[in-house]
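What follows is a single structure, written as structure tokens, with notes after it.
The values are calculated or read from the model by the stated rules, or taken from the named source; none is laboratory data. Note that this is a predicted model, so its numbers are computed, not measured. Cβ placement follows ideal geometry from the backbone for every residue including glycine, while neighbour counts extend to all protein chains displayed. Ligands, DNA and RNA are excluded from the accessible area calculation, which covers all protein heavy atoms including side chains. Shrake-Rupley method; radii C 1.70, N 1.55, O 1.52, S 1.80 Å.
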Amino acid sequence: MGKGAKSPNEFEIIARYFAPLAAREPGALGLLDDAAVLAISADRKLVITTDTLVEGIHFMGDDPPESLAGKLLAVNLSDLAAMGSEPFAYTLSLALPKAWSPQRLEDWLSGFCAGLRKAQEQPGVTLVGGDTVGTPGPLCLTATALGTAEPGRELLRSGALPGDVVYLSGTLGDAALGLRVLRNQLPGVDPTDGEALIRRYRMPEPRVALGLRLAGIAHGVADVSDGLVADLSHICSASGVLATIHTDWLPLSKATVDVLARDPTLLASVLAGGDDYELVFTAAPEASVDIGRISRDLALPLTAIGRIDAAEPGHRNQLVRVVDALGREVDVIDGGFRHF
Ligand code: ADP
Ligand code: MG
């Protein structure tokens, strides 16, 4: 790359280098969705996704191994949830720092595996393989999650339609603010709020049950891993539509409301920060009764946060508009997490 040239971002890399290798398999979905959906028999599809967590990028060196295990499984199961898939197994690859002492290695492994055991239980998944290597670099964790889906009931990013309502599960922004608390970037935060935010950063809950209930109801679905604006943009570009979201409709936890009351500029982190692992989805306005029922059944807030419109020429670069209570456009400078 020439001097001063900007590195391509991860999506440009995937589109340019990897998508051509996936072109022959329709189930790869152009490497543009949350997971691949492969036809294995007439009545079942195999859904596969993989995600890596790197020390110093996705977690901090002193994060407890128990919660790291939960997070690794959760980020993978979250992608299956976004496809409406039922998980059943996963593989695990670990690159463990050679610099660790034997004691540190054993302590870490026992904590990590206790965390995995706990995280496996509720979604009913089992470890079925993996790889274990040493590295001169930082700790690096990869899991590949496997699930199934009924043909025709899988959820895609590409189904959003003009006139749809945009919904978000749970609350937004807690994880991004939790990371700021861990980095001492929110001095003076109420300790109870701080703990709640850190918990959401360290222990996301994959919305597997919600994904399974959304088949036949949701049109376009993604999980919020890179930030609401970025992940909703992915739905918009896959569907050829635009979205408008309203800041005063956003579902916020008490802790996030408290933090924003002290510093309203942190709204940009709430909108663009990642790691929530909630589902963002679109559905026809008539689906609101069904969605209300699902929300009650799962005891999980499902909040309308905006709407989908037809794409117009001239809007190409901005697929998601964010407006405040007075209808003024809010600038989301940080368009989501960038690796490069
Ligand atoms: P998510 O945030 O939902 O985990 P990513 O942003 O990591 O998804 O990836 C976007 C898409 O690109 C996914 O379909 C993923 O499978 C694919 N992808 C990412 N990296 C690679 C790679 N190195 N080779 C093949 N496909 C990839
Ligand atoms: Mg995803």
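Once every DSSP H run of n ≥ 4 in the chain is given -39500 (n - 2.57) and the sum is divided by its residues, what mean residue ellipticity at 222 nm do you get, rounded to the nearest 500 deg cm²/dmol?
My calculation for the chain gives -9500 deg cm²/dmol from helical runs alone.
Please enumerate, by chain and number, the aspartates and glutamates with C-alpha under 16 Å from the C-alpha of residue 118, excluding those fewer than 8 residues away in the same chain.
66, 205
What does the C-alpha gyration tensor say about the overall shape of the stretch 65-182? Classify as rounded when a/c is under 1.5, otherwise prolate if a/b is larger than b/c, or oblate.
prolate
Does anything in the stretch 110-138 have its amide N under 11 Å from the 7 Å Cα→Cβ label point of residue 98, and if so which residues?
Within reach of a label on residue 98: 134-137.
Restricting to the stretch 70-143, what percent of DSSP beta bridges are antiparallel, rounded to 5?
If I count the DSSP bridges inside the stretch 70-143, around 30 percent turn out antiparallel.
Counting heavy atoms of the protein chains only and a 1.4 Å probe, report the per residue accessible area for the stretch 210-340 as a whole number of Å².
46
Can you give the net charge of the other residues whose Cβ lies under 14 Å from the Cβ of residue 96, counting K and R as +1 and D and E as -1?
For residues surrounding residue 96, the net value is -2.
Among 14-25, 164-175, how do they line up by average Cβ neighbours within 10 Å per residue, starting with the highest?
Averaged packing, sorted descending, gives the order 164-175, 14-25.
Using the reciprocal of the averaged 1/r over all distinct C-alpha pairs, how large is the Kirkwood radius of the stretch 216-300 in Å?
With all distinct Cα pairs of the stretch 216-300 included, I get 14.3 Å.
Hey, can you grab everything whose amide H is under 5 Å from the amide H of residue 309? Only 5+ residues off in sequence or another chain; H modelled, so Pro and N-termini drop out.
Here the answer is 163, 242, 243, 244, since their amide H atoms fall under 5 Å of that of residue 309.
Under 1.5 on a/c is rounded, so check that first for the stretch 1-160, then, if it is not, pick prolate when a/b is larger than b/c and oblate when it is not; a ≥ b ≥ c are the square roots of the alpha carbon gyration tensor eigenvalues.
Judged from the Cα gyration tensor, the stretch 1-160 comes out oblate (a/c at least 1.5, b/c at or above a/b).
In Å, what Kirkwood hydrodynamic radius results for the chain from the alpha-carbon pair distances?
20.8
Out of all DSSP beta bridges with both ends in the chain, state the antiparallel percent to the nearest 5.
75
Per residue, how many Å² of accessible area does the stretch 1-157 show with a 1.4 Å probe?
53
For residue 45, give me every one of the aspartates and glutamates with a C-alpha distance below 16 angstrom, ignoring sequence neighbours fewer than eight places off in its own chain.
25, 33, 34, 79, 86, 150, 154
Counting only complete DSSP H runs, which helices of the chain cover 18 Å or more along their long axis at the Cα atoms and score a mean Kyte-Doolittle of -1.0 or above?
65-81, 102-121
Please label the shape of the stretch 55-97 as rounded, prolate or oblate, based on the square roots a ≥ b ≥ c of the eigenvalues of the alpha-carbon gyration tensor (a/c under 1.5 means rounded; beyond that, a/b larger than b/c means prolate, else oblate).
prolate
Roughly to the nearest percent, how much of the accessible area of the stretch 74-212 is carbon and sulfur, given a 1.4 Å probe?
That fraction is 54 percent.
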